[in-house]
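This report refers to the structure that appears directly beneath it.
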Ligand SMILES: [Zn+2]
């Protein structure tokens, strides 16, 4: 049974004029009623308004226009597990969350370790015509951690980064070589930091809930030891290193230290690592099972401090859809991961902006400017730019309802939560999405 797509509008236009609202661009002053014109997918100079066939979009005062959000970390499950997600549904779910561009992880079946699969995915993304799809290639053949992929072949096919996500690049020598190649090919290496020898057998954070329930734990050092190793390798190789879904205080401390030494490293966290703790796992509801696991209160506070001082650069979703058959099972058997696109903006707005950890501008930078910088792009909503614009209404509260989820899967612990601030419209070149 495939879930129905909730109601939304997707309007194709040739010319669009956006009236009202406030334009927010990291590093610039907020502009009231900026008056943005789009012609065939690009932002242009004002043109005569009396010309026919111009679509006019009027915004409220509480609506902000931002450079389109980009998500560096998502699982779209195609090929191999389209009952959990597809490129078409996944990229639509992304748009509903305000993401104009999405990077998909290569841990599919088969894994994206060759050029033909990269081209297939790019093509599927074009066909879906929702959020723009950017592909991350596998770092090792079959993601087996034994032999490197042909970086040249994947680069030619169009990947924007390499990762074995879901699994770490555990072999020191391979990681060393990858970082050298990342420099040569100008491709970031995104590592899922987890020392498997330390996490093996664990099913929950190694902390007070694990002890209370008598379950084997995954220690924080399983993450932070590999964070440290990667930083040591990065210092030597001067590659392009990005660390995925940082979840622990120790990792934040190590990355902060590295940045102070001038070592070039970037990292991301996800909304669940700054909103949820191991306490939420107390009833063993598999919707709270993620990898790395939800950590202690102290870790969560450290993640937020890392965002405040810029140690953590980026907020990604780690959108990880799973069909019920993988989630409505006992905790120890359930797959780790939760869907993330559609709640990300609102969760961060409430937890980080309303609680005064980040200014709205710095928060938006974590969703737009900083992730684009990693893949060598920029976007300012200025003349000549591709029209990728996210519009959100800060005055709108909404209930995250299961029947309004665009993803093919519904594995979110946030269902029925009242959320603050909502993505209302998204412009992707010549398409206007209204939610
Ligand atoms: Zn991962």
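Before moving on, here are some points about what is shown:
- Segment 208-224 - residue that is within 16 Å of the ligand (Cβ to nearest atom) and under 18 Å from residue 172 (Cα atoms) and, of those, nearest to the chain's Cα centre (by Cα): 223
- Members of segment 251-285 found to be in a helix (DSSP H, G or I), buried (at least 22 other Cβ atoms within 10 Å of the Cβ) and touching a residue at least 60 places away in the same chain (Cβ under 8 Å), listed by number: 252, 271, 272, 274, 278, 281
- Residue in segment 334-350 that is touching a strand residue (DSSP E or B) at 6+ places or on another chain (Cβ under 7 Å), in a loop (DSSP other than H, G, I, E, B) and over 22 Å from residue 107 (Cα atoms) present: no
- Subset of segment 186-207 (residues that are assigned to a helix (DSSP H, G or I) and within 16 Å of the ligand (Cβ to nearest atom)): 196, 198, 199
- Count - residues of segment 241-259 that are closer than 11 Å to residue 224 by Cβ and over 21 Å from the mean Cα position of the chain (by Cα): 3
- Residue-level analysis places residue 176 outside the set of residues that are touching a residue at least 40 places away in the same chain (Cβ under 8 Å), more than 16 Å from the ligand (Cβ to nearest atom), under 27 Å from residue 93 (Cα atoms) and out of contact with any strand residue (DSSP E or B) (no Cβ under 7 Å at 6 or more places or on another chain).
- Scan segment 280-298 for residues that are away from the ligand (no atom under 16 Å from the Cβ) and within 20 Å of the chain's Cα centre (by Cα) and the total you get is 2.
- Among the residues of this structure, residue 182 counts as one that is away from the ligand (no atom under 16 Å from the Cβ), in contact (Cβ under 8 Å) with a residue 12 or more places away in the chain, in a helix (DSSP H, G or I) and surrounded by 18 or more Cβ atoms within 10 Å (Cβ to Cβ).
- Qualifying residues in segment 351-390 (those that are touching a helix residue (DSSP H, G or I) at 6+ places or on another chain (Cβ under 8 Å), free of Cβ contacts under 8 Å to residues at least 60 places away in the same chain and not in a helix (DSSP H, G or I)) - the one nearest to residue 297 (Cα to Cα): 357
- For residue 145, the conditions (1) surrounded by fewer than 21 Cβ atoms within 10 Å (Cβ to Cβ); (2) away from the ligand (no atom under 16 Å from the Cβ); (3) over 20 Å from residue 122 (Cα atoms); (4) touching a residue at least 24 places away in the same chain (Cβ under 8 Å) are fulfilled apart from (2).
- Identification of strands (runs of 3 or more DSSP E) wholly contained in segment 1-114 with 1 or more residues that are buried (at least 24 other Cβ atoms within 10 Å of the Cβ) yields 15-19, 36-39, 63-67, 69-74, 99-104.
- Residues within segment 151-170 that are surrounded by 15 or more Cβ atoms within 10 Å (Cβ to Cβ) and away from the ligand (no atom under 16 Å from the Cβ), tallied: 7
Coordinate-derived values only; no laboratory data. Remember, predicted model here, so these are calculated numbers, not experimental data. Heads up, the Cβs are rebuilt from the backbone with ideal geometry, glycines too, and the neighbour counts pull from every protein chain shown.
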